[in-house]
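Novice: This is the structure, below, for whatever I ask next.
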Amino acid sequence: MKYNLRFNPVKKLLFVSFIFSLQSCYQYRVLNTNNDPATEYQKKVLWSSFWGLVNKPKNFVVPNCSNNNAMDEVLFQTNFGYSLITVASLGILAPVQVRWKCHKPCQREGGL
């Protein structure tokens, strides 16, 4: 019995389409359940290099939440492209998208 190991172009196209249809992303969401958010989502792509030994930035400081505003929601998300970069670089580069919303300021009770 002889096996034909070659794919014809149509089968190649169907195979690639099938693989791309399986793509997905994963995400982790951290929520504060007390109040509604005050801002829309802001986002930034963070890069981890050399298997986490070098992170850029090392500590990410949220630029739009003031001192009296806490974080309301944080979302860590990756997608097929980010996973492809991580696999192709053997883990040397690993991007992740971080999205966040700021919390509404606390209402003061009583008057002065």
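The numbers here are math on the coordinates, done by the rules we state, and not lab data. Keep in mind that this is a model prediction, so the values were computed, not measured. Glycine also receives a Cβ, built like all others from the backbone with ideal geometry; neighbour counts cover every protein chain displayed.
Novice: Arranged from highest to lowest average of other beta-carbon atoms within 10 Å per residue, in what order do the peptides 79-87, 12-20, 96-104, 47-55 appear?
Specialist: Result, highest mean first: 96-104, 79-87, 47-55, 12-20.
Novice: Add +1 for every Lys or Arg and -1 for every Asp or Glu among the other residues with Cβ under 14 Å from the Cβ of P95, and state the total.
Specialist: +4
Novice: Applying 1/(1 + (r/R0)^6) with R0 = 41 Å to the Cβ-Cβ distance of S89 and L13, what FRET efficiency is obtained, to the nearest 0.05?
Specialist: 0.90
Novice: Turning to a different aspect of this structure: Under 5 Å between amide H atoms, partner at least 5 residues away or on a different chain: which partners does D72 have, H built in plane at 1.01 Å?
Specialist: HN-HN under 5 Å from D72: K101, C102, H103.
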